Amino acid sequence: MIGSEIRRAPRFFVPANLSLSAEIELPDRAARHCSVLRLRRGETVTLFNGDGGEFVAELTRVSRDFMRARLVSRRTTERESPLAIELAACVSSGDRMDLTVQKSTELGVSRIVPIASDRSIVKLSGQRADRRVAHWRDVAIAACEQCGRNRVPEVAPITDFQAFLSGATLQRLRLLLMLDAAQELKALAPAAAVTLLVGPEGGLTMDEQRSAEKSGFVPVRFGPRVLRTETAPLAVIAAMQALWGDC
C-alpha cells in the first residue's frame with residue numbers, strides 16, 4: 001500500500017517434517033539470511049516445508065551461522081491457483097531461464113519442465129544438467145519464500161523434446177505459443193489444467209512444431225509483437241491467470 005509500511009515476518013523453506021512445539025535448527029541458508037537481517041532471539045519467522053500451510057516460529061538461539069526456532073502456531077493458508085499450469089520451457093541461455101523459473105513460480109505455475117530442443121543454445125547433460133536443475137529448484141524455493149506460496153512447484157529434470165511430447169498429459173489443455181498461429185489465447189474455452197509449451201531463443205524447428213501439433217498441442221498467438229523467450233511464457237501465464245485462474 002502506498003504511503004504505509006507493513007513489516008512481514010521473513011519466510012523460509014525448511015525441507016523437514018514440521019510439527020507444533022518442535023524446536024528445529026534452521027537450514028544454513030535460512031540461518032545466514034536471519035543473520036543478515038539482524039534478527040534476535042524472540043523474533044518470529046514463518047516456516048514452510050512444501051506440504052501446505054505454514055508455521056509461525058520463534059527464534060530461540062541466534063548466532064552468526066546457527067539458528068534454532070520453536071514452532072508456536074500453524075496456519076492453513078494456501079495461495080495456490082485453481083488453474084494448474086505446467087510450463088514446458090525450452091532451456092534458454094544466461095540468466096533468462098532463472099528469470100523464467102522465478103517469475104513463473106511467482107505467477108503460480110505448478111510444474112516447470114526444462115526442455116532440450118534442437119535450437120536450444122545451452123546444451124546440458126550429466127552432472128552439469130543435474131547442477132543446473134538443482135539451481136533452478138533453489139530459484140523456485142526462493143521465489144516461494146518471497147511471494148508467499150507454501151507449495152513449491154516441481155522443477156523436472158531437463159527433458160528431450162520428443163520424450164516430453166510422448167509423455168504429455170492428455171487430460172490437460174495443451175498450448176503451443178506461436179507468433180503466426182490462427183487462434184488467440186482469449187478465444188479458447190476456459191480450462192482447469194494447462195500445459196504451455198514455449199520455444200527457445202531461435203524458436204522451434206518446423207519438425208518440432210509439427211510434432212507438437214500431432215501430439216495435441218494447439219497453436220495460439222499472443223499479440224502481434226515478437227516476445228523474448230523469457231517474456232513470452234510470463235505474459236501468457238499472467239493472461240491465463242486473469243482469464244481462468246485467480247487474478
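The values are calculated or read from the model by the stated rules, or taken from the named source; none is laboratory data. Here the structure is a predicted model, which means the values were calculated and not measured. Cβ: placed from backbone, ideal geometry, glycine included. Neighbour counts: every protein chain shown. Areas reflect the complete protein model, heavy atoms only, side chains present, ligands, DNA and RNA absent. Shrake-Rupley method; radii C 1.70, N 1.55, O 1.52, S 1.80 Å.
Observations on the model:
- Looking at the chain, the accessible area is 52 square angstrom per residue; that uses a 1.4 Å probe and ignores ligands, DNA and RNA.
- When each of the peptides 147-154, 8-15 is scored by how many other beta carbons lie within 10 Å of its residues on average, the order from highest to lowest is 147-154, 8-15.
- Accessible surface ranking that places the most exposed of LYS214, LYS103 first, with a 1.4 angstrom probe: LYS214, LYS103
- Distance between the C-alpha centres of the stretch 10-33 and the stretch 85-156: 23 Å, rounded to the whole angstrom.
- Prolate/oblate/rounded call for the stretch 148-194, Cα gyration tensor, a/c under 1.5 rounded: oblate
- Only helical runs count toward this figure. For the chain, summing -39,500 (n - 2.57) over DSSP H runs of n ≥ 4 and dividing by all residues gives -8500 deg cm²/dmol at 222 nm.
- Packing around the peptides 121-130, 55-64, taken as the average count of other Cβ atoms within 10 Å per residue, puts them in this order, highest first: 55-64, 121-130.
- Each 5 Å bin, from zero up to the one with the longest distance, holds this percent of the alpha carbon pairs of the stretch 1-117: 2, 10, 17, 16, 15, 15, 14, 8, 3, 1, 0.
- Each DSSP beta bridge with both residues in the chain is either parallel or antiparallel, and the antiparallel ones are about 35%.
- Accessible surface, 1.4 Å probe, highest first, among residues SER92, SER81, SER21: SER21, SER81, SER92
- Mean projected area (nm²) of the alpha-carbon convex hull when the chain is viewed from all directions: 15.4
- Highest average packing first - 34-42, 176-184, Cβ atoms within 10 Å: 176-184, 34-42
- Cα gyration tensor, the stretch 82-145 - rounded (a/c under 1.5), prolate or oblate: prolate
- The GNM of the chain, with springs linking C-alpha atoms under 10 angstrom apart, assigns the highest mean-square fluctuation among ILE158, ILE115, ILE24 to ILE24.
- With the charge dipole of the chain set up from +1 on Lys and Arg Cβ and -1 on Asp and Glu Cβ about the Cα centre, the Cα lying farthest toward the positive end among the listed residues LEU59, LEU47, ALA168 is that of LEU59.
- Of the solvent-accessible surface of the stretch 68-120, computed with a 1.4 Å probe and all protein chains present, 42% belongs to carbon and sulfur.
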